[in-house]
1. Give me the helices (runs of 4 or more DSSP H) completely within the stretch 125-218, filtered to those with at least 2 residues that are open to solvent by 50 Å² or more (accessible area, probe 1.4 Å) and within 29 Å of residue 47 (Cα to Cα), ordered by residue number.
2. Tally up the residues in the stretch 4-41 that are at pLDDT 75 or above and either surrounded by fewer than 16 Cβ atoms within 10 Å (Cβ to Cβ) or more than 18 Å from residue 135 (Cα to Cα) (or both), please.
3. Which ones in the stretch 74-91 are on the phi < 0 side of the Ramachandran plot, modelled with pLDDT of 90 or more and either hydroxyl-bearing (Ser, Thr, Tyr) or surrounded by fewer than 12 Cβ atoms within 10 Å (Cβ to Cβ) (or both)?
4. Can you name the condition, by its number, that residue 44 falls short on among (1) under 13 Å from residue 100 (Cα atoms); (2) open to solvent by less than 40 Å² (accessible area, probe 1.4 Å); (3) not small (Gly, Ala, Ser)?
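The values are calculated or read from the model by the stated rules, or taken from the named source; none is laboratory data. Predicted model, so just to flag it, every value in this text is computed and none were measured. Cβ sites come from the backbone with ideal geometry, for glycine too, and all protein chains shown count toward neighbours. Side chains are part of the model used for accessible areas, which takes the heavy atoms of the whole protein and leaves out ligands, DNA and RNA. Shrake-Rupley method; radii C 1.70, N 1.55, O 1.52, S 1.80 Å.
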Amino acid sequence: MGPSAQLLPGGGWFAAGERFEQALRRLSDGAFKVFAYVCLRAPRASGELAFRQAELAHSLGKSRSALARHLTELADKGVCTIRHAPNQHRRSRLRVRTRFWPYLREDSRAPPVPCATAAYIDSVRQAFLKPACVQAAFGPDDRRLAAQWHRDSIPIETVRRAIHLGCVRKSATMIDHPQSQPIRSLRYFQGVLQEVREVSVPDSFWDYVEYSLERLERRLPDLKS
């Protein structure tokens, strides 16, 4: 289990993937701590946390003035929106913007996903998360890209081949350069997928690619522990 999927007390999963890293780069340490707290505490379906400032400051070990600065930073840098309570008897609401929220929201206006598309997306998810060089949560951006591939009538076997080929290359790089970062997003394979669609090689070549990936993964550090 890599850093992109953290097990929480009680058995829940927290997707600390690409969006979490974007917030980490954008925010100060104090504001990022508030952001991380919201990600841990807010319902996944909404990404919105109701709070009283004094209680939130106490939970974070912050003064109320420091918390106010961090909340302002979260809003100014476009990571969260804030609705301040009209009086002391109501709670304010801190909502993580969609760009930084790692889960799908129930209030999304997207139409329901057809069963065939959902099955295709799930097959892409399984293929994507299996290789050791992938350290990611299959988030909304990945789901949207997989759905687009389905609309483009790309066979799932072609997607699997692109993932295997891309992971062979990434695994070899990580062996030669241990500081190299693992794959964080399905979009990494977009160019490889186009490459696979344009070449004509026998099926035995793809069998060899899959075999090569298995061999390379045995030489990688235990990234999935």
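1. 140-151
2. Of the residues in the stretch 4-41, 20 are at pLDDT 75 or above and either surrounded by fewer than 16 Cβ atoms within 10 Å (Cβ to Cβ) or more than 18 Å from residue 135 (Cα to Cα) (or both).
3. 76, 81
4. Single failed check for residue 44: (2).
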